Amino acid sequence: MTNNTLLHTAIPPQSHVGIDTMLFIYFLDEYTPYFEQSAWLFGQIREESIIGSSSILTRTEVLSSSRMTEESLVKYEQFFDDINIQLYEIDKNIADQAAFLRRKYHLHTPDTIQLATAIVHKADLFLTNDATLKKVSEIKVVVFGELK
């Protein structure tokens with residue numbers, strides 16, 4: 001098992017963590033080199049040591065892979081039904097915050113929706129593997145790959 005000391009430091013117990021889609025994919029697809037880190041993250045959420053949330057957009061992005069088999073679809077849907085992660089709907093507040101972030105930082109709309117969801121729902125940090133999102137100052141952005 002990888003040493004998750006940097007993860008423990010970056011994500012203190014009881015933190016509310018906004019989670020970007022790619023971390024779900026790393027875990028569900030058992031993607032190397034990030035599977036062990038993502039397994040630790042989702043294990044902490046399952047044990048309720050960390051509070052996890054994301055946008056409902058995550059479900060769309062995860063379930064829309066062109067490589068998705070019927071078996072994978074069932075497995076992934078079951079994961080979303082079982083895991084204790086709040087998937088927030090996109091409402092006016094999130095849409096307005098996403099528009100602001102898109103104007104200010106010139107980011108892609110899905111990224112701004114994910115970030116806006118975390119901001120509006122008062123996450124302590126946003127966990128991603130996209131280093132370009134670190135320029136966002138409205139929330140602490142932690143890049144997963146930098147925690148190895």
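Bear in mind that the values in this text are calculations on the coordinates, not laboratory data. Please read these numbers as outputs of a predicted model, since none were measured by experiment. So basically every Cβ, Gly included, is an ideal-geometry build from the backbone, and we count neighbours across all protein chains shown.
Numbers at a glance
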item: Complete set of residues in the stretch 104-129 that are touching a Leu at 6+ places or on another chain (Cβ under 9 Å) and not hydrophobic (A, V, I, L, M, F, W, C); result: 105, 110, 111, 112, 114, 117, 128, 129
item: Sole residue being farther than 20 Å from residue 110 by Cβ and of a type in the set (S, T, N, Q), chosen from 69, 21; result: 69
item: Qualifying residue in the stretch 48-67 (condition: within 17 Å of residue 126 (Cα to Cα), surrounded by 12 or more Cβ atoms within 10 Å (Cβ to Cβ) and out of contact with any Leu (no Cβ under 9 Å at 6 or more places or on another chain)); result: yes
item: Unmet criterion (only one of (1) under 14 Å from residue 19 (Cα atoms); (2) surrounded by fewer than 17 Cβ atoms within 10 Å (Cβ to Cβ)) for residue 96; result: (1)
item: Total residues in the stretch 63-92, condition over 18 Å from residue 115 (Cβ atoms) and not small (Gly, Ala, Ser); result: 18
